[in-house]
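J.: Sharing a structure here in structure tokens format.
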Amino acid sequence: MEEKKHKRRIHYSGKYPRRFEEKYKELQPEKYESTVARVMEKGSTPAGMHISICVREILDFLQIKPGQKGLDATLGYGGHTREMLRCLEGQGHITGLDVDPIESEKTKERLRKEGFGEDILTVKLMNFADAYKLAQTEGPFDFVLADLGVSSMQIDNPERGFSYKTEGPLDLRMNPLKGISAAERLEEISGEELEGMLIENADEPYAAEIASAVIRYRKTGEKIDTTTKLRKIIEEALSFLPAAERKETVKKSCQRCFQALRIDVNSEYEVLYTFLERLPEILSEGGRAAILTFHSGEDRLVKKSFRQYYKEGIYQEISKDVIRPSAEECRKNGRARSAKLRWAIRC
């Protein structure tokens, strides 16, 4: 029998690992619980993990009871799903949807190991815009949750291209097997269209300057195919700013531009609009829906839809004000700061 070779751990410079692939302890939370706990105590999210937001507020509203049927429209890391499953106490069923074939499979296996089998949890590779089709065969649902944030494990993995902070392919697709990447989108888009996208999807104040810089770079014959290339183009576009304010402005513009591109290549507004339009068909009588948003464009769509259906007598009650994470939660998890929760109850 062939002798199994010993695999040495990854070495890194400095006291702590900085690159995603070097964080081997964080990437194995079941094996290095103390390391993961220390990272979370500092208010950071361990590599490859995602910390669910507004869990208590969501559960307080959904009021899940044993025997009910639920839909987690955006499965992600499965943190919300796990807590909702616990509320069922082994009676009832939850269907979890996700378009990411990589992370959804990991989440399914993780929840299976925690004892949530097919009898109580079904995971489907499906865009939540199509949830109304599922409701025709498996619904209607007593409770529905949609967390519209990008999962931390997607943001942190440089191979997915979601972050301007690390070198990686400029992809930004939730499902890397479908559609075109952000790099391909930048090859075909006009300057005027790009400027409009940056304004509509992210309220970018320097949309005109950044769009012009992208078109100038493209004319050199070089492709904008990595995260760092796009970041450098944004830096160059904003080089006219005073040095004292440039660094922080570039950082925020990078965040907004990557957000705008992500929304575009994943058709996020179109998907959300369809989901909201068909949400009443998904819910049972008295069914409860909670939606967690992370930027103003999403929140406007949710608020408008909820108010319209409330006026039409389709929803018996909606949240009058947006619900925000507590100061303590934001301190422990910086990614919670932009979260907004709204809810509706079906007539």
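J.: Going by amide H atoms built from the backbone, whose H comes under 5 Å of the H on Ser284, apart from near neighbours?
T.: Phe141, Asp142
J.: Can you tell me how the stretch 149-306 classifies by the Cα gyration tensor, rounded, prolate or oblate, using a/c under 1.5 as the rounded cut?
T.: Working: a/c = 2.06, a/b = 1.80, b/c = 1.15.
Taking the square roots of the gyration eigenvalues as a ≥ b ≥ c, the stretch 149-306 is prolate.
J.: At a Förster radius of 41 Å, what calculated FRET efficiency corresponds to the Cβ-Cβ distance of Glu188 and Thr137, to the nearest 0.05? Working shown, then result.
T.: Working: r = 38 Å, r/R0 = 0.93.
With R0 = 41 Å, the Cβ-Cβ based efficiency is 0.60.
J.: To continue, here is another question. Which percent of the accessible area of the stretch 273-327 is formed by carbon and sulfur heavy atoms (probe 1.4 angstrom)? Working shown, then result.
T.: Numbers: 1300 of 2860 Å².
Heavy-atom surface of the stretch 273-327 belonging to carbon and sulfur, 1.4 Å probe: 46 percent.
J.: Now a separate question. Taking the Cα centroid of the stretch 248-312 and of the stretch 61-130, what is the distance between the two, rounded to the nearest whole Å?
T.: A separation of 21 Å, based on Cα centres.
J.: Moving on to the next point. Multiplying the sequence separation of Ile199 and Asp60 by 0.36 nm and subtracting their Cα-Cα distance, what value in nm do you get?
T.: Numbers: separation 139, 0.36 × 139 = 50.04 nm, distance 3.59 nm.
Contour length minus Cα-Cα distance gives 46.5 nm.
J.: Further question: Can you pick out the pairs among Lys106/Lys178; Lys178/Lys223; Lys178/Lys340 whose Cα atoms lie more than 25 Å from each other?
T.: On the way: Lys106/Lys178 19 Å; Lys178/Lys223 20 Å; Lys178/Lys340 29 Å.
Over 25 Å Cα-Cα: Lys178/Lys340.
J.: Summing Lys, Arg as +1 and Asp, Glu as -1, what charge do residues with Cβ under 10 Å from the Cβ of His80 carry, His80 excluded? Please report the intermediate quantities before stating the final value.
T.: Working: positive: Arg82; negative: Asp72, Glu83, Asp147.
Net charge in that neighbourhood comes out at -2.
J.: If I take R0 = 35 Å and measure r between the Cβ atoms of Lys124 and Lys311 in this structure, what FRET efficiency does the formula 1/(1 + (r/R0)^6) give, to the nearest 0.05?
T.: Numbers: r = 33 Å, r/R0 = 0.94.
Here the calculated transfer efficiency is 0.60.
J.: Moving on. Run the accessible area of the stretch 85-147 with a 1.4 Å probe and give the carbon-and-sulfur part as a rounded percent. Spell out each step's value before the answer.
T.: On the way: 1330 of 2820 Å².
On the stretch 85-147, the fraction of accessible area on carbon and sulfur atoms equals 47 percent.
J.: Ok, one more. Relative contact order of the stretch 178-333: what whole-number percent is it, with Cα pairs under 8 angstrom and at least 6 residues apart? All intermediate terms of the calculation are to be shown ahead of the outcome.
T.: Working: 99 pairs, mean separation 34.1, N = 156.
Result for the stretch 178-333 is 22 percent.
The values are calculated or read from the model by the stated rules, or taken from the named source; none is laboratory data. Quantities reported herein were computed from a predicted structural model and do not represent experimental measurements. Heads up, the Cβs are rebuilt from the backbone with ideal geometry, glycines too, and the neighbour counts pull from every protein chain shown. Quick note on the areas: whole protein, heavy atoms, side chains included, nothing else; ligands and nucleic acids left out. Shrake-Rupley method; radii C 1.70, N 1.55, O 1.52, S 1.80 Å.
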